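Derivation of every value follows stated rules applied to the coordinates shown; laboratory data play no part. Small disclaimer: the values here were computed from a predicted structure and weren't measured. All Cβ positions, even for glycine, are placed from backbone atoms using ideal geometry, and neighbour counts span all protein chains on display.
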Amino acid sequence: MTQDYSQPIISDELGSNSPHAAAERNCFARGVHTPALFEIDGNPIPALVADFGSPLFVFSEHTLRSKARHAREAFRRRYPKTSFAWSFKTNHLQSVCQILRQEGWIAEVVSDFEYEKARYLGFAGPDIVFNGPYKPRAILRRAIDEGALLHIDNWDELSLIEELTRDRREPLDVGIRVWLDAGIRPVWSKFGFALANGEAERAAERIVKNPRLRLHTLHTHIGTYILEPSAYRTATQKLLALRDTIQRKHGHLLDCLDLGGGFPSNSLLHGMAGPAEQVVPPIEAYADAITDVLNRLPEKKRPLLRLETGRHLVDEAGYLLTSVVAVKGIHRQRAENDGLSARDFKEQLIAGEDSKVNYIADAGINLLYTSAWY
Ligand SMILES: *Cc1c(COP(=O)(O)O)cnc(C)c1O
């Protein structure tokens, strides 16, 4: 490379403090107050790269544990009967799963691979919640033998489970997945039985009448990165109403309400303007919405509350370290009398069309495909 390194332009046009002004332009950043990062859990970034190379994924055990403890505390303080399951599909790295296991999380899996991984990591069958719209016969058989909690997604799966449990002497605890309108858009209708047209109730009835099965849980997963805590209030009310109906008609009171995941992290999505602290409700707001409804029940009728947390716990704990390996191109010189204000000129540079400077990093979208969301 013969071109001298030229620094990026940081303008102070938008404010008096130039680093903050630059961050304000970036509506994908966490917010204007995110400081430059020099270390992770006390490990200097250059030392991490020197020891392990670049690019490098790094997870902060400290952040992961403190997010987990904070969420646990927020719910248990309001509602002691709360159980947490870790969504393996969100991140199935061994140490991430193990740390959450140490914090009291059980496993939530959606595929045979994830089921096997949870068993390999030491989660016992009864400490695995099995969701997912497709559970092949072989893994269903294993999960049944090992006493995992199957959340039944559809009629075909229910038929298959009826077949696989035909010779059981003890009833098998199962749940059903339910989709419902929680007042937010889009409505996720892809998982489970419909609530509104009575389908979920019919599925529940069929299970309640089967002596080989015992209906343990009503489950819903209403979406992801949900910014409306009130959606969880609605979902809780609707699942409780179904639980009431089942009790009234069949005398069976379900043990557990599982409200899935969907709690947002402080990493802002595409197009959101920060800072995150102002646009993302705190986990306490979600805990209030859910537990307000549950705490209105007489104590004896209160179900176990299960939550399947994913991104809320791990998102801010993870980093991808990359190195700038080349600077290509030259700065465009500003032509005299180009008729542009300083601001318009900079807009063009930032929009990229006229930018002649490119930074080549040693990691791309192949390593962080979710970067398109954030
Ligand atoms: C993905 C998933 C989760 C976790 O979702 P987050 O939005 O990351 O909290 C929980 N439950 C089910 C069934 C899922 O598919």
**Prompt:** Given a cut-off of under 8 Å on Cα pairs at least six residues apart, what relative contact order in percent is computed for region 85-237?
**Reply:** 17 percent
**Message:** Using each residue's phi in region 234-249, evaluate 6.51 cos²θ - 1.76 cosθ + 1.60 at θ = phi - 60° and report the 3J(HN,Hα) Karplus result to the nearest Hz, with x for Gly and Pro.
**Reply:** 4, 4, 4, 4, 5, 5, 5, 5, 5, 4, 4, 4, 5, 5, 5, 7
**Request:** On a 0 to 90° scale, report how tilted helix 342-351 is relative to the longest principal axis of the chain, with both axes built from alpha carbons and the result rounded to the nearest 10.
**Result:** 50 degrees
**Prompt:** Which ³J(HN,Hα) values, rounded to whole Hz and listed in residue order, are derived for region 302-311 from phi using the Karplus coefficients 6.51, -1.76 and 1.60 in 6.51 cos²θ - 1.76 cosθ + 1.60 with θ = phi - 60°, glycine and proline given as x?
**Reply:** 6, x, 5, 9, 10, 10, 10, 7, x, 4
**Message:** Positive end of the dipole of region 195-285, charges at C-beta (+1 Lys, Arg; -1 Asp, Glu), about the Cα centre: which of 237, 213, 270 has its Cα farthest in that direction?
**Reply:** 213
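What size of dipole, in debye to the nearest 20, comes out for region 85-134 about its Cα centre when the only charges are +1 on Lys and Arg C-beta atoms and -1 on Asp and Glu C-beta atoms? Working shown, then result.
Numbers: 4 positive and 6 negative charges, 14 e Å.
Computed about the Cα centre, the dipole is about 60 debye.
For residue 77 and residue 168, calculate 0.36 nm times their separation in residues minus their Cα-Cα distance, and state this gained length in nm to one decimal. Kindly include the intermediate steps, with their values, before the conclusion.
Numbers: separation 91, 0.36 × 91 = 32.76 nm, distance 3.93 nm.
That works out to 28.8 nm of additional length.
Would you work out the relative contact order for the chain, in percent, from Cα pairs under 8 angstrom that are 6 or more residues apart? The partial results should precede the final answer.
On the way: 599 pairs, mean separation 72.0, N = 374.
Result for the chain is 19 percent.
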**Asked** What is the magnitude of the charge dipole of region 201-339 about its Cα centre, with +1 placed on the Cβ of each Lys and Arg, -1 on the Cβ of each Asp and Glu, and no other charges, expressed in debye to the nearest 20?
**Response** 960 debye
**Prompt:** Per-residue HN-Hα couplings for region 273-283, Karplus 6.51 cos²θ - 1.76 cosθ + 1.60 at θ = phi - 60°, whole Hz, x for Gly and Pro?
**Reply:** 9, x, x, 4, 4, 9, 10, 9, x, x, 4
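What is the magnitude of the charge dipole of the chain about its Cα centre, with +1 placed on the Cβ of each Lys and Arg, -1 on the Cβ of each Asp and Glu, and no other charges, expressed in debye to the nearest 20?
Dipole about the Cα centre, nearest 20: 1640 debye.
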**Qualifying aspartates and glutamates (Cα of each under 12 Å from Cα of residue 328; at least 8 residues distant if same chain)** = 4
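Enter the mean projected area of the convex hull around the alpha-carbon atoms of the chain, in nm², rounded to one decimal.
Numbers: hull surface 93.1 nm².
With every direction weighted equally, the projected area is 23.3 nm².
May I ask which of 249/301; 135/190; 190/249; 135/209; 67/301 have a Cα-Cα span longer than 25 Å here?
Numbers: 249/301 16 Å; 135/190 15 Å; 190/249 28 Å; 135/209 23 Å; 67/301 30 Å.
As for pairs spanning more than 25 Å Cα to Cα, those are 190/249; 67/301.
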**Request:** Taking H placed 1.01 Å from N in the peptide plane, check which residues at least 5 places from residue 361 or on another chain put their amide H under 5 Å from its amide H.
**Result:** 325
**Request:** Could you let me know the centre-to-centre spacing of region 187-226 and region 276-338, using Cα atoms, in angstrom?
**Result:** 28 Å
